[in-house]
């Protein structure tokens with residue numbers, strides 16, 4: 001934390017500060033015309049299946065390339081932690097940090113869910129967001145963040161000395177073990193930093209610490225995605241409920257979440273730009 005000062009300011013500090021910020025990764029060259037096509041196509045969606053995620057638990061789901069899926073609030077305000085994998089290669093998974101570097105701290109319509117190295121392609125594009133009206137509030141908070149990693153039992157143990165088994169990290173791990181027959185050690189290793197769906201978060205103005213507030217999500221709200229490759233998803237209904245008080249415990253009121261899968265006639269998608277694995281030659285300067 002930068003609020004503690006131990007070193008003395010140099011005599012020339014005034015000429016060292018105040019530089020103009022430069023966006024590290026300008027993203028205009030990864031924009032495409034897909035969103036216009038998706039907004040037209042989504043007018044013709046047909047729901048094919050759905051999965052209910054119980055409170056303080058997680059479930060997996062599969063989505064085929066060219067399908068849409070929604071994460072929906074169904075009974076009360078509830079936050080969800082989302083992992084995404086390429087269905088046929090679980091080593092290729094959502095890369096929260098790079099997605100954040102490209103789009104910012106919170107995601108919404110048109111933003112892509114980029115995958116890990118060496119693949120670095122869009123696994124899915126957010127096609128609709130019923131909470132995009134929220135924007136950023138006076139504290140800098142917004143919804144659907146890629147800041148927080150997920151609540152987990154290790155940090156809970158570090159801070160409270162309690163063993164709690166229903167954090168999102170454990171929920172996601174358990175879902176992969178129980179539903180995909182992945183060994184426990186292997187499942188935990190592939191669980192990754194999440195998209196915090198519906199979670200209202202930001203950084204405090206004074207200490208720049210990660211904060212959360214009660215989510216504005218209500219039953220009927222949803223975040224919708226378009227799958228750009230065959231996907232395995234895992235979604236945890238966070239033990240923090242709406243994350244307005246605490247998480248990593250059984251204190252908060254929690255509700256289920258729903259994942260619904262939607263198909264559309266492929267004629268509505270025929271002009272989409274495909275998402276391809278990076279063609280970097282992977283030489284890394286080694287001759």
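The values are calculated or read from the model by the stated rules, or taken from the named source; none is laboratory data. Keep in mind it's a predicted model, so treat the numbers as computed, not measured. Every residue, glycine as well, gets a Cβ built from its backbone with ideal geometry; the counts of neighbours run over all protein chains shown.
Could you check region 222-277 and list, in sequence order, the residues that are in a helix (DSSP H, G or I) and in contact (Cβ under 8 Å) with a residue 24 or more places away in the chain?
Matches in region 222-277: 266, 268, 269.
Can you tell me which residue in region 184-198 is farthest from residue 220 (Cα to Cα), limited to those that are in contact with a helix residue (DSSP H, G or I) (Cβ under 6 Å, 6 or more places away or on another chain) and in a helix (DSSP H, G or I)?
Result: 184.
Hey, any hits in region 99-109 for a residue that's touching a residue at least 60 places away in the same chain (Cβ under 8 Å), within 14 Å of residue 128 (Cα to Cα), out of contact with any helix residue (DSSP H, G or I) (no Cβ under 8 Å at 6 or more places or on another chain) and part of a loop (DSSP other than H, G, I, E, B)?
Looking through region 99-109, none of the residues is touching a residue at least 60 places away in the same chain (Cβ under 8 Å), within 14 Å of residue 128 (Cα to Cα), out of contact with any helix residue (DSSP H, G or I) (no Cβ under 8 Å at 6 or more places or on another chain) and part of a loop (DSSP other than H, G, I, E, B).
If a residue has to be at pLDDT 95 or above, closer than 25 Å to residue 101 by Cβ and touching a strand residue (DSSP E or B) at 6+ places or on another chain (Cβ under 9 Å) to count, how many in region 1-45 make the cut?
So the answer is 3.
What are the residues in region 26-53 that are assigned to a loop (DSSP other than H, G, I, E, B) and in contact with a helix residue (DSSP H, G or I) (Cβ under 7 Å, 6 or more places away or on another chain), if any?
27, the sole residue that qualifies.
Within region 118-135, can you find the residues that are touching a residue at least 40 places away in the same chain (Cβ under 8 Å) and either outside any strand (DSSP E or B) or over 16 Å from residue 227 (Cα atoms) (or both)?
118, 119, 120, 121, 130, 131, 134
Among the residues of region 140-148, is there at least one that is modelled with pLDDT of 95 or more, over 16 Å from residue 233 (Cα atoms), surrounded by fewer than 18 Cβ atoms within 10 Å (Cβ to Cβ) and over 17 Å from the mean Cα position of the chain (by Cα)?
Yes, region 140-148 has at least one match.
Here are some residues: 93, 47. Which one is surrounded by 17 or more Cβ atoms within 10 Å (Cβ to Cβ) and in contact (Cβ under 8 Å) with a residue 40 or more places away in the chain?
Every option except 93 fails the conditions.
For the list (1) closer than 27 Å to residue 116 by Cα; (2) surrounded by fewer than 23 Cβ atoms within 10 Å (Cβ to Cβ); (3) in contact with a helix residue (DSSP H, G or I) (Cβ under 8 Å, 6 or more places away or on another chain), I need the number of the one condition that residue 265 fails.
(1)
Give region 193-216 a look and list any residue that's over 17 Å from residue 136 (Cα atoms) and surrounded by fewer than 19 Cβ atoms within 10 Å (Cβ to Cβ), or say none.
Across region 193-216, the qualifying residues are 206, 207.
Do we have any residue at all in region 208-216 that's closer than 30 Å to residue 46 by Cα and touching a strand residue (DSSP E or B) at 6+ places or on another chain (Cβ under 8 Å)?
Yes, the conditions are met somewhere in region 208-216.
Keeping to region 150-178, report how many residues are closer than 24 Å to residue 223 by Cα and either touching a helix residue (DSSP H, G or I) at 6+ places or on another chain (Cβ under 7 Å) or surrounded by fewer than 19 Cβ atoms within 10 Å (Cβ to Cβ) (or both).
Total meeting the criteria: 8.
Given the structure, is residue 56 more than 20 Å from residue 122 (Cβ to Cβ), in contact with a strand residue (DSSP E or B) (Cβ under 7 Å, 6 or more places away or on another chain) and in a loop (DSSP other than H, G, I, E, B)?
yes
Check region 163-183 and report whether any residue there is in a strand (DSSP E or B) and within 22 Å of residue 96 (Cβ to Cβ).
Scanning region 163-183, I find no residue that is in a strand (DSSP E or B) and within 22 Å of residue 96 (Cβ to Cβ), so the answer is no.
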